[in-house]
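Below: one structure, written as structure tokens.
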Amino acid sequence: MKEEPGNNYSGIVIFLLALFNAALHLYVSDNLEYHRDELLYLSLGLHPAAGYATVAPMTGWIAGIMQGIFGTSVFAVRLFPALMSAVMVYLVAAIARETGGTGYARILAAAGFVFSIAGSRTFLFLSPLHTDVFFWTLIFYLIVKYINTSSGKYLLFLGISAGAALLNNYFSGLLILSVLLVLPFTRHRNIFSQRQFRIGMLAGFLIFLPNLVWQIVNGFPALNHPGELEQIRPVNTDRAAFLAEQLIITGMASILTLAGLIHLFTSRYAWQYRFPGTVSLVVILLLMIFRGKTFNALGVYPFLMAAGAVLWDMTLRKTWSKLILLLLIVILSIPSLPIGIPLAGPEKLASYFEVLKRDYKMDFVCGFENGSVRALPRDYSDMIGWEELTKLAAQAWENIEDKNAAFIFCENYGCAGAVTIIGKKYGLPEAVSFNENLRYRIPLIFKPDISSVVYIDDEVDEDIHRIFGKLTKVGSVSNPLSSEYGTSVWLLEEPLANFNYFWIERVKQFF
């Protein structure tokens with residue numbers, strides 16, 4: 001597609017938007033601490049594997065590479081998601097161009113994405129989510145490119161992208177399923193017989209194969225994960241609320257997403273793109289039927305924003321009207337930015353969300369999976385208290401005389417990740433835990449037998465009282481804004497029986 005005159009400026013603006021998006025995410029990186037899940041992936045990155053118990057392996061690999069090159073500071077860990085946020089600006093703009101948009105449509109789509117709650121929250125910390133949104137958007141882009149060119153190479157790239165997407169997040173199977181469900185009802189159904197498509201699917205399968213083999217060998221632990229997770233974090237999703245929240249997470253950019261749906265299904269200029277448009281609707285419909293979470297649909301919105309930007313570009317004739325729409329989206333998005341990205345520290349954020357809940361009845365913003373409403377959104381609460389917890393663990397560890405006969409045990413992966421990653425600067429060993437993939441690295445027996453344990457959990461189990469004669473509470477996480485508020489560090493000493501006997505019995509419960 002030829003670049004029209006006057007489009008040079010759009011490239012500069014899009015570059016500035018990409019730079020702004022990455023810089024903003026890095027600028028706020030120190031306002032909160034590591035995220036709970038971030039600590040898990042950093043821990044997994046220390047032990048690269050073809051698979052992990054409850055998550056696809058790609059984020060663990062990325063975490064391993066990033067910490068190997070840049071270290072494990074919060075800023076260093078956030079470099080990759082910040083870079084992805086910049087790449088996404090270009091990808092969204094590229095879809096707008098491919099679906100018939102001018103330079104203005106590209107800028108509008110990119111700005112809508114940057115200033116949406118979904119666009120900012122997605123790249124807040126290292127997780128599969130930002131890479132997931134990237135792969136979903138890339139798949140939509142490749143579908144559009146194939147529609148425009150009929151070139152088989154895009155089918156090959158599509159298969160490779162699908163395989164990589166599954167390596168990043170098994171939930172990407174929903175998008176792949178939606179594409180395969182819609183495709184037979186389109187004029188592109190002959191794709192199934194094309195050689196490039198079959199080669200692409202084979203390439204995607206081979207990319208995913210090592211992880212599939214790992215899952216088979218280990219009894220498909222990922223299939224058991226959703227049930228386990230639901231017991232720990234009950235899902236409280238209402239279908240009507242799910243739809244309403246889709247508008248909220250896109251913020252002012254919902255002007256674009258809704259326009260995108262209208263454009264794709266009513267405009268004679270967009271009839272050829274109804275295939276990917278229908279795919280996006282099928283994804284949302286399946287999520288409604290199976291009570292998916294709000295963020296599960298994030299991957300369809302960059303495409304819809306791009307399509308909506310094209311419609312507004314075609315509808316608004318005057319330069320001043322186009323400028324007003326762009327400014328409207330940007331300026332009206334600013335007050336809601338703290339919902340997507342922490343522009344301040346915990347206390348100021350808590351004050352901001354208190355206003356939202358009190359004056360605007362937006363309790364759902366701080367809603368947890370079990371239906372409770374707290375001072376901060378779940379993600380923000382999960383980014384507080386880890387440094388304090390690790391210092392307490394270091395204090396307990398320092399009091400142990402025979403460290404060769406001791407270890408640190410954590411009941412959840414967040415605490416274990418904090419001890420393993422943050423604890424490096426305190427000289428702490430890697431934590432032991434049965435939670436998540438960490439169970440695959442536990443020692444089966446201790447030599448010499450254990451005489452002391454640093455134990456981290458909300459409370460001490462009854463079993464502990466039967467094994468150790470001396471229990472000393474070192475301290476607890478004191479910040480009520482933290483999701484780990486009240487989690488305590490205990491020093492267990494003077495074993496009353498052979499610890500290995502107890503440990504072997506405990507291991508049998510998990511394997």
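A few points about this structure:
- For the stretch 390-407, the tally of residues that are more than 15 Å from V432 (Cβ to Cβ), among the charged types (D, E, K, R) and under 37 Å from the mean Cα position of the chain (by Cα) stands at 2.
- Where a residue in the stretch 18-47 is of a type in the set (F, W, Y) and its partner, wherever it lies, is assigned to a loop (DSSP other than H, G, I, E, B) and at pLDDT below 95, with Cβ under 7 Å and at least six apart: none
- Whichever residue in the stretch 362-378 is out of contact with any Pro (no Cβ under 9 Å at 6 or more places or on another chain) and part of a helix (DSSP H, G or I) and, among such residues, is modelled with the highest pLDDT: R378
- For F123, the conditions (1) part of a helix (DSSP H, G or I); (2) of a type outside the set (A, V, I, L, M); (3) under 19 Å from the mean Cα position of the chain (by Cα) all hold with the exception of (1).
- Test: Y273 is among the hydroxyl-bearing types (S, T, Y), assigned to a helix (DSSP H, G or I), closer than 20 Å to T102 by Cβ and not assigned by TED's automatic domain parsing to the domain that holds F368: yes
- Of all residues making up the stretch 142-156, the number that are touching a residue at least 12 places away in the same chain (Cβ under 8 Å), surrounded by fewer than 20 Cβ atoms within 10 Å (Cβ to Cβ) and over 14 Å from Y273 (Cβ atoms): 2
- Of the strands (runs of 3 or more DSSP E) lying entirely inside the stretch 413-495, those containing at least 2 residues that are within 29 Å of the chain's Cα centre (by Cα) span 452-457, 488-495.
- Residues of the stretch 309-335 satisfying the condition of being of a type in the set (G, A, S) and over 16 Å from G119 (Cα atoms): S321
- Of residues in the stretch 400-412 being of a type in the set (A, V, I, L, M) and assigned to a strand (DSSP E or B), the one nearest to E38 (Cα to Cα): I408
Per-residue answers, yes or no, for (1) assigned by TED's automatic domain parsing to the domain that holds P210; (2) charged (D, E, K, R); (3) within 21 Å of G260 (Cβ to Cβ); (4) modelled with pLDDT under 95:
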site	(1), (2), (3), (4)
L17	yes, no, yes, no
H25	yes, no, no, no
Y41	no, no, no, no
G45	no, no, no, no
G51	no, no, no, yes
A82	yes, no, no, no
S85	yes, no, yes, no
I95	yes, no, yes, no
T99	yes, no, yes, no
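- Qualifying residue in the stretch 107-127 (condition: of a type outside the set (D, E), touching a residue at least 12 places away in the same chain (Cβ under 8 Å), surrounded by 23 or more Cβ atoms within 10 Å (Cβ to Cβ) and more than 21 Å from I249 (Cβ to Cβ)): yes
- Counting the residues of the stretch 157-183 that are over 23 Å from the mean Cα position of the chain (by Cα) and either touching a residue at least 40 places away in the same chain (Cβ under 8 Å) or outside any helix (DSSP H, G or I) (or both) gives 4.
- Test for R187: is it part of a loop (DSSP other than H, G, I, E, B) and assigned by TED's automatic domain parsing to the domain that holds N296: yes
- Criterion violated by R189 - all others in (1) modelled with pLDDT of 95 or more; (2) within 27 Å of Q272 (Cβ to Cβ) satisfied: (1)
The values are calculated or read from the model by the stated rules, or taken from the named source; none is laboratory data. Nothing here was measured: the structure is a model prediction, and the numbers come from that model. Cβ coordinates were reconstructed from backbone atoms using ideal geometry, including for glycine residues, and neighbour counts include every protein chain displayed.
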